[in-house]
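Bear in mind these aren't lab numbers, they're just calculated from the coordinates by the rules spelled out. All values reported here derive from a predicted model rather than from experimental measurement. Here Cβ is always computed from backbone atoms with ideal geometry, including for glycine, and neighbour counts include all displayed protein chains.
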Amino acid sequence: MTDTVPISAVTEQEELPVNKKSYFPMRIIMAVCLVSFLCVLCSFSFAETHSGTWGDLTWNLSEEGVLTVSGNGPINDFPEPPAEEPVEESMEEPSAEEPPAEEPSGEAWHAYSAQIKSIVIGNGITSVGKRAFSTTDATSITIPDTVTMLDQQAFADNVCLEEIVIPNSVTKIGASAFEMCGLKSIVIPNGITTIEGYTFWRCSDLSTVVLPDSVTSIGDGAFMECEGSGIQLPKKLVSIGKDALSWCCFKTISIPESVTEIGESAFLGCGDLETITLPASINKIEASTFNFCTQMSSITFTKNVGTIGAEAFSECQALKDVYYSGTKEDAEKIAIDIGNENLQGATWHYSGEETWTIKFDANGGTGTMNDVTVKKGDQYTLPSCGFTAPSGKEFDKWDKGTPETAIEITADTVITALWKDQGPPPPASITLSKNKVIFEGVDRQIITVTFSDPEDSIASVTSEEPAVAKVRFSGNKFTVSSSKKAGKTSVTVTTVKGATATLQVKVKENWALNARKITLKKGKTFKIKLLAVPSTVKMKAFKSDKPQIATVDSKGKVKAIKKGKATITVTLSNRKTLKLRVKVK
């Protein structure tokens, strides 16, 4: 009888006999094990799907990144996102082992925000709650006509979202609903009466905005820091809020006669704005309204304006002409505050003076340039060209001379653009929406990259000191955020075609709690967290001045005991203290 030998004992140098009766079952076992291993391997080879409930609704996130929310009724509000816990720096050498996968954080689909590539809101959904779809990588969002409201920050910080169709069923859009999105154009549905504060704040690529005549009010900061070149104000608009259109890029904008109020800094920093006419309904130009409108050459307003606020025209060095419907005696009665030397030093044209009109001819180009009115006997300085050149051409000069040339106008005049063949394209280049940022502790900013070549794109974004500032990019934007320690660093952007640009980042030491004051119901709790740079600063001790009203444990968990007010003092490892005011209802 032949002995049975374990397979592990067989080597290449020595062949040993094997019992055939035991060898056949062993082959079967090995085959089964191999199939099981392959099945396990395959289960890790495909993206996972996720699903669950939120309120009365169900949701599903597919392998392809499509988030579908289904059911009938509202999408409930999502809580404010928790602050990131500071991470201690370690002096140990990094382990060669693969780090454990991070546990998803957040509620419902917010735990998988980075995996969301598109969003489908199902028929039957009636409203979208606060922060419901904020901070995803979605490039498309479908909203059904059963939805009537989009609440605050509903789609905020979706930097990859370039377009969205809002159905006419929506009658309210909450504050900051689309702030810091990648939108390039938007059509506001009929029925919306107010563009709430900061609705499109920092949508830096948003150029085309269609507002219906139902809109009567534009809130504070609504379009602040948008590209904004295609914004047209509705005919029945009544009020324009503080900072509402500040830092936009339009060259001209028509303000309807219905507008009675324009808030402070409404057009602050609109550096491309060349001329503007205020309606007769405006009786006051608020402080800083046109501050830093560095290209504004003329403004027209009526004798109804009785007050001009501080620095309303500060930094408007190009302002040369003021067209005023009243007499010189009327103008001398206007109460003009400090910082308006550019306005006061311009040439004022009063009612009854003879003027000439200058028109501009594109001569085969496209676009428009506003007519200019000059007083008889004045000279006129030729402007830069505001037309788009014909295909294969570029601007050469005006038929009356080159830009910045002063000419004499003796009658109504047409100035014609002259074009020349386009030269070889310049090397690829990029510009950043900001060249320098300063963070006071934990903070972040989104920076937009503009390409000279429309076919170029970002290849990499790197931080010289990741411990000071970290970066991530998507499309033509990148996010820079403070990291573990204070200091300075350079962030370098490199494109596929070799163009580079640098952002200087400074992070200052700062520490703050995730809230300065809170209101709790009896029995409810709140977890104190620290936002600190450097991250080595930790919370060491907690104390309540009135523990009978609100207590706090050694880990910073606050609990409401009974009605009243208390102050929680947090002592930090650097011996500084921070306070949290607690009100118990």
* Asked: In nm, what is the difference between 0.36 nm times the number of residues separating VAL165 and SER217 and their Cα-Cα distance?
  -> 16.6 nm
* **Under Karplus coefficients 6.51, -1.76 and 1.60, residue-wise ³J(HN,Hα) of the stretch 157-168 in Hz, glycine/proline x** => 6, 9, 5, 8, 7, 9, 8, 7, 9, 9, x, 5
* Quick one: if you stick a label point 7 Å off each Cα along the C-beta vector at THR142 and SER185, how many nm between them? -> 2.2
* Structure fact -> PRE zone check, label point 7 Å out along Cα-to-Cβ of LYS517, amide N under 20 Å, scope the stretch 556-570, hits 558-570
* Structure fact -> Straight-line reach check, LYS555, cutoff 19 Å on alpha carbons, 8 or more apart in-chain or any other chain, hits among lysines -> LYS517, LYS524, LYS527, LYS529, LYS538, LYS540, LYS543, LYS546, LYS576, LYS579
* Asked: Which length gain, in nm to one decimal place, applies between GLU261 and THR500 when the Cα-Cα distance is subtracted from 0.36 nm times their residue separation?
  -> 81.7 nm
* Estimated vicinal HN-Hα couplings, Hz - the stretch 318-323 in sequence order (Karplus 6.51, -1.76, 1.60; Gly, Pro = x) -> 7, 5, 10, 10, 10, 9
* Amide H partners (placed H, <5 Å) of TYR323, local residues excluded -> ILE299, THR300, PHE301, HIS349
* Spin-label point model (7 Å from Cα, Cβ direction): what's the THR357 to LYS576 distance in nm? -> 6.3
* What FRET efficiency comes out for the pair LEU418/TYR112, r = Cβ-Cβ distance, R0 = 45 Å, nearest 0.05? -> 0.20
* If one takes the longest principal axis of the Cα atoms in the chain, at what angle in degrees, from 0 to 90 and to the nearest 10, does the Cα axis of helix 20-43 lie? -> 20
* Over the C-alpha atoms of the stretch 341-440, what are the Rg and the largest Cα-to-Cα span, Dmax, in Å? -> 18.5, 58
* For the residue pair THR300 and THR567, what label-to-label distance in nm results when each label sits 7 Å from Cα along the Cα-to-beta-carbon direction? -> 5.9
* **Residues in the stretch 249-282 reached by a label modelled at THR381 [backbone nitrogen below 20 Å; 7 Å Cα→Cβ]** => 251-252, 269-277
* Structure fact -> Scoring only Lys, Arg, Asp and Glu (+1, +1, -1, -1) among other residues with Cβ under 12 Å from the Cβ of TYR198 yields -3
* To do: Treating each Cα of the stretch 285-381 as an identical point scatterer and ignoring solvent, apply the Debye formula and state log10 I(q)/I(0) at q = 0.16, 0.23 Å⁻¹.
  => -0.72, -1.24
* Structure fact -> Per-residue ellipticity at 222 nm attributable to helices in the chain (runs of n ≥ 4 DSSP H, -39500 (n - 2.57) apiece, nearest 500 deg cm²/dmol) works out to -1500 deg cm²/dmol
* Relative pair counts by distance (%), Cα atoms of the chain, 20 Å bins -> 15, 39, 30, 11, 3, 1, 0
* Amide H to amide H under 5 Å from ASN574: which residues, 5+ apart in sequence or cross-chain, H placed 1.01 Å off N in plane? -> LYS538
* Only residues of the stretch 492-533 count here: report those whose backbone N is under 17 Å from the spot 7 Å along Cα→Cβ of ASP545, or say none. => 516-519
